[in-house]
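These notes concern the structure reproduced below.
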Amino acid sequence: MGKKFSIENDASYDNSGKPVTKKACIDSADSGRQPVPMDASPRSGRQPAQGDEPPRGSRRGSLARRLSGGRQMSEAMIVSAFLAFSGGFQDAYTYIVRDHVFANAQTGNIVLMSTHFLAREWGAGIRYLFPVLSFAAGVLCAEQLESRRKNAFRVHWRQAVVLLEILILACVSFIPQQFNTLANMLVSFSCAMQVQAFRKVAGNPYASTMCIGNLQKGTAALSAFLRTRQNAALRRSLYYFGVILIFAIGAGVGGNLSALFGGRIILVSAAVLATAYLLMELEKYK
C-alpha cells in the first residue's frame, strides 16, 4: 500500500511538494528532455494529409497565376482581350446608334470634323469636335487618377478606372437619341481613360481601344522575326495581332447588336468591363 501511495504522490506533486495538474506537463526526467505540455498540438507544422483541400485563398492564387501568366493581371492577355472587345464594341455602338461618330477613332472624327467645317457645316462639325475634346479630357482624368493612386482609392487605380467606365456606360444606356452628342462625349471620355490606364500587354506597349498603333507594332515585330528568327519577336507580334482580332470581333458584335437593339445595348460593353475588373481582383490572391 505504501508503494502505491508513493507513486500516486509522485504523479500529483513535484519535488518541492507543490501540486502539478495533468495539463501542466509530463515528467520526462528519466529521458533528460524538457517537460512537454500535454495539450500541445502534435500536428503543428504537419504536411497536409492526402485528400485535404487547399485553403480557398491558395486556390484563387493558383488560378490568378495561371490566368496572368505570372505577370501583373492588368497586363495579362486575358484582361487585354476583354478590354479590346469592349473598345471595339463601343466604337461600333457610337457609330451605328449615335449619329456616326467614333468613340475611339479620333483620327476619323478629326477628318470628318474638318470636312464639315471647311464646307461651313458648323453644326455637323461640332458633333465631331466635342468627342475629340472629351477624349483629351479622359486622358487627363486617368493621368490624374494614376498620380493619386497611392492614397486615393481602396482598390488599385486601374480598377477604379474600370469601375468609372462601367458607371459611365450604364448612364449612356439611358440617354435618349436627341442627346447623342452628350452620349458620344461620355463614351469617348470612357475610352480615353481606358487607353491611358492600360498601356501594356505581356510587357509590350499597346492600345486597348484602337488598332493603328497595334498594327504598326505587330507588323514590325513580325518583320523582326522574319529577319532574326527570334521566338520572342514572333510572340510579340502574336500579342498585337491577337488584340486586333479581338477588337474586330467586339466591333462586329457591337455593330450588329446595336443595329438590332439600339441604345441600351451598350450595357453589354459594361458587363465585359465588369469581367475584366473581377479578373484584376484575383491579383490579391497571387
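Values as computed for the structure displayed
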quantity: Failed item, numbered, when T228 is tested on (1) hydroxyl-bearing (S, T, Y); (2) crowded, with 22+ Cβ neighbours inside 10 Å; (3) more than 23 Å from the chain's Cα centre (by Cα); calculated: (2)
quantity: Long-range neighbours under 7 Å by Cβ, at least six apart or interchain, first residue of a type in the set (S, T, N, Q) and modelled with pLDDT under 90 within the range 70-84, second part of a loop (DSSP other than H, G, I, E, B) and buried (at least 18 other Cβ atoms within 10 Å of the Cβ); calculated: S74/F198
quantity: Verdict on R154 being open to solvent by 40 Å² or more (accessible area, probe 1.4 Å) and either within 26 Å of E283 (Cα to Cα) or in contact with a Gly (Cβ under 7 Å, 6 or more places away or on another chain) (or both); calculated: yes
quantity: Those residues of the range 231-284 which are open to solvent by 40 Å² or more (accessible area, probe 1.4 Å), more than 13 Å from the chain's Cα centre (by Cα) and not hydrophobic (A, V, I, L, M, F, W, C), in sequence order; calculated: N231, R235, R236, Y239, N256, R264
quantity: Qualifying positions in the range 186-231 - of a type in the set (G, A, S), at negative phi and not in a helix (DSSP H, G or I); calculated: A207, S208
quantity: Pair list, Cβ under 9 Å, 6 or more apart: the range 103-129 residue closer than 21 Å to A207 by Cα and open to solvent by 60 Å² or more (accessible area, probe 1.4 Å), other residue of a type in the set (A, V, I, L, M, F, W, C) and outside any helix (DSSP H, G or I); calculated: T107/M210
quantity: Which listed residue, of T181, T228, T219, is of a type in the set (S, T, Y), within 26 Å of N109 (Cβ to Cβ) and without any contact (Cβ under 8 Å) to a residue 24 or more places away in the chain; calculated: T219
quantity: Residue count for the range 184-201, restricted to those that are under 16 Å from A270 (Cα atoms) and free of Cβ contacts under 8 Å to residues at least 24 places away in the same chain; calculated: 0
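The values are calculated or read from the model by the stated rules, or taken from the named source; none is laboratory data. Because the structure is a prediction, the values reported are computed rather than measured. In this analysis, Cβ positions are derived from the backbone assuming ideal geometry, glycine residues included, and neighbour counts consider all displayed protein chains. Just so you know, the surface numbers come from the protein's heavy atoms only, side chains and all, with ligands and any DNA or RNA stripped out. Shrake-Rupley method; radii C 1.70, N 1.55, O 1.52, S 1.80 Å.
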